[in-house]
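Colleague: Can you keep this structure in mind? I'll have questions shortly.
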Amino acid sequence: MAGRDHQQGFATAEAICNHFSEQADWCERLGSPFTASLIRQFRRDFEAGGVVRSLVADRTGFPRADALALRLAGVLHYAALSGRSEDLARLYPSQTRSANVETLWPVASDFLEREESWVRAFLQHPPQTNETRRAIMMLIGLSHVEQIFSMPIRLLELGASAGLNQNFDAFHVDAGCWQWGDVDAAVQIESEWKGPAPKLSRQFNIIERRGCDQHPLDLTDEETRLRLKSYIWADQPERLARFDAATQLALQRQTQIEKADAADWLKARLEHPREGVATVIFHSVFFQYPPHETRTQLKNMIEDAGGRATQSAPVIWLRYEPEVLWDRSADAKIALNMVCDARIWPGDQHVRFARSDGHVRVVESLMD
């Protein structure tokens, strides 16, 4: 396979370097110049045979699919947040506005060498961010469901991580041209909406909220909370503040996510129709990660459930994913383009709601 050594399965040096450059460009475009600079430093150190090379040169798999650069960035951010490295804590953006990678790197490099065993263990964790701005997509999609079916909702979320967005209806959203929710809510979501304002329900009748993840995160554990927070880019204080508020809300509501494979978990919940209830399967920035076989299994399972749906037991597949997953005519090179859409049964109606990026900073309405 491209990007791997055929005999060993190790990622090639070229694949790792290309991944670092690509991820740095994405960070730049998504408003994190500090993280972009840090990841470019990862590449320089790797090419020079430094500590980064010793840590990642023997990794197998595809660097992009493994989010290797974000794993490394998370290592250093965690060390700063947790106080594991007081020197890093003093130099990170959360502590100083003059943070720069040129000053930071000698300290970071020393830490990576000194804590090699701990760093390697941390790198085994896949990055999870639970970006709370994606709640905007759940809000507009579920509003549409309520308006066409006028019945209680059963919400099933795949790849839910720590479940922060399960509490979307307790957030306040300011999209510029429209607002929704309690203005005094602890979780404040800000974005820029372009186009006609969506028709939003004032409240939701959600009778069941459930989610699954292969590696759900237990927010009651302080170490786990810090690890989840560490994957948020360190020079984006508004995202860090939203995470803190959403975490406290999830703890108050005792939000829990089940440890399970998405296909097995969903099969058990779609086996029998629920009369008088709209079943909504939701996922965001999840579907590109499972193996192709699992994606096919999930797609077939949802379509089969849709084929059995009735007006009194509808099934809705609501998703916010890279546009190219559903539309092969979309520009695959524009990796940041994501679309919120839904397939609705009975009838398999397809509705497109909005387009944005992974952090939902600016949203383009696709509704009439």
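The values are calculated or read from the model by the stated rules, or taken from the named source; none is laboratory data. Computed from a predicted model, the values in this text were never measured in an experiment. Cβ: placed from backbone, ideal geometry, glycine included. Neighbour counts: every protein chain shown.
Colleague: Give the number of residues within the stretch 110-134 that are buried (at least 19 other Cβ atoms within 10 Å of the Cβ) and either in contact with a strand residue (DSSP E or B) (Cβ under 7 Å, 6 or more places away or on another chain) or farther than 24 Å from residue 217 by Cα (or both).
Modeller: Looking only at that region, the number is 5.
Colleague: Do any residues in the stretch 120-132 that are within 19 Å of residue 358 (Cβ to Cβ) and assigned to a helix (DSSP H, G or I) have Cβ atoms under 8 Å from those of residues that are modelled with pLDDT of 85 or more and of a type in the set (Phe, Trp, Tyr), where the two are at least six apart or on different chains, and which pairs are they?
Modeller: 132/171; 132/243
Colleague: What do you reckon, is residue 11 surrounded by fewer than 18 Cβ atoms within 10 Å (Cβ to Cβ), more than 18 Å from residue 129 (Cα to Cα) and either at pLDDT 95 or above or out of contact with any Asp or Glu (no Cβ under 7 Å at 6 or more places or on another chain) (or both)?
Modeller: It is false that residue 11 is surrounded by fewer than 18 Cβ atoms within 10 Å (Cβ to Cβ), more than 18 Å from residue 129 (Cα to Cα) and either at pLDDT 95 or above or out of contact with any Asp or Glu (no Cβ under 7 Å at 6 or more places or on another chain) (or both).
Colleague: Can you find a residue in the stretch 95-109 that is crowded, with 21+ Cβ neighbours inside 10 Å and modelled with pLDDT of 95 or more?
Modeller: The answer is yes, given that some residue of the stretch 95-109 is crowded, with 21+ Cβ neighbours inside 10 Å and modelled with pLDDT of 95 or more.
Colleague: Here is a follow-up. Kindly list the number of the only condition in (1) among the hydrophobic types (A, V, I, L, M, F, W, C); (2) touching a helix residue (DSSP H, G or I) at 6+ places or on another chain (Cβ under 9 Å); (3) farther than 28 Å from residue 193 by Cβ that fails for residue 338.
Modeller: Exception for residue 338: condition (3).
Colleague: Let me ask you something else. Just checking, does the stretch 143-165 include any residue being assigned to a strand (DSSP E or B), more than 24 Å from residue 311 (Cβ to Cβ) and basic (Lys, Arg)?
Modeller: No, the stretch 143-165 contains no residue that is assigned to a strand (DSSP E or B), more than 24 Å from residue 311 (Cβ to Cβ) and basic (Lys, Arg).
Colleague: Something else: Does the stretch 271-312 hold any residues that are under 20 Å from residue 341 (Cβ atoms), modelled with pLDDT under 95 and among the charged types (D, E, K, R), and which are they?
Modeller: 295
Colleague: Tell me, which helices (runs of 4 or more DSSP H) wholly within the stretch 24-98 include 1 or more residues that are within 21 Å of residue 126 (Cβ to Cβ) and in contact (Cβ under 8 Å) with a residue 40 or more places away in the chain?
Modeller: 33-47, 51-56, 68-82
Residue-by-condition table, conditions (1) in a helix (DSSP H, G or I); (2) in the same structural domain as residue 149 (by TED's automatic domain parsing); (3) out of contact with any strand residue (DSSP E or B) (no Cβ under 9 Å at 6 or more places or on another chain); (4) of a type outside the set (S, T, N, Q):
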residue	(1), (2), (3), (4)
204	no, yes, no, yes
234	no, yes, yes, yes
238	yes, yes, no, yes
241	yes, yes, no, yes
246	yes, yes, yes, yes
283	no, yes, no, yes
287	no, yes, no, yes
302	yes, yes, no, yes
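Colleague: Still on this structure: Are there any pairs, at least 6 apart or on different chains, whose C-beta atoms fall under 8 Å, with the first in the stretch 275-294 and surrounded by 20 or more Cβ atoms within 10 Å (Cβ to Cβ) and the second outside any loop (DSSP other than H, G, I, E, B) and polar (S, T, N, Q), and if so, which?
Modeller: Close Cβ pairs satisfying both conditions: 284/165.
Colleague: Also, quick follow-up: When residues of the stretch 23-53 are filtered for being of a type in the set (Ser, Thr, Tyr) and crowded, with 21+ Cβ neighbours inside 10 Å, how many remain?
Modeller: 2
Colleague: Within the stretch 220-231, identify whether any single residue is in contact (Cβ under 8 Å) with a residue 12 or more places away in the chain, over 26 Å from residue 70 (Cα atoms) and surrounded by 15 or more Cβ atoms within 10 Å (Cβ to Cβ), and answer yes or no.
Modeller: There is no residue in the stretch 220-231 that is in contact (Cβ under 8 Å) with a residue 12 or more places away in the chain, over 26 Å from residue 70 (Cα atoms) and surrounded by 15 or more Cβ atoms within 10 Å (Cβ to Cβ).
Colleague: Can you tell me which condition residue 255 does not meet? The list is (1) touching a Cys at 6+ places or on another chain (Cβ under 9 Å); (2) part of a loop (DSSP other than H, G, I, E, B), and all the others hold.
Modeller: Condition (1) is where residue 255 drops out.
Colleague: Now for a different question. If you check residue 250 against the conditions, is it at pLDDT 95 or above, out of contact with any Lys or Arg (no Cβ under 7 Å at 6 or more places or on another chain), crowded, with 20+ Cβ neighbours inside 10 Å and closer than 15 Å to residue 131 by Cβ?
Modeller: yes
Colleague: Answer yes or no as to whether residue 143 is under 22 Å from the mean Cα position of the chain (by Cα), surrounded by fewer than 21 Cβ atoms within 10 Å (Cβ to Cβ), in contact (Cβ under 8 Å) with a residue 40 or more places away in the chain and within 20 Å of residue 367 (Cβ to Cβ).
Modeller: yes
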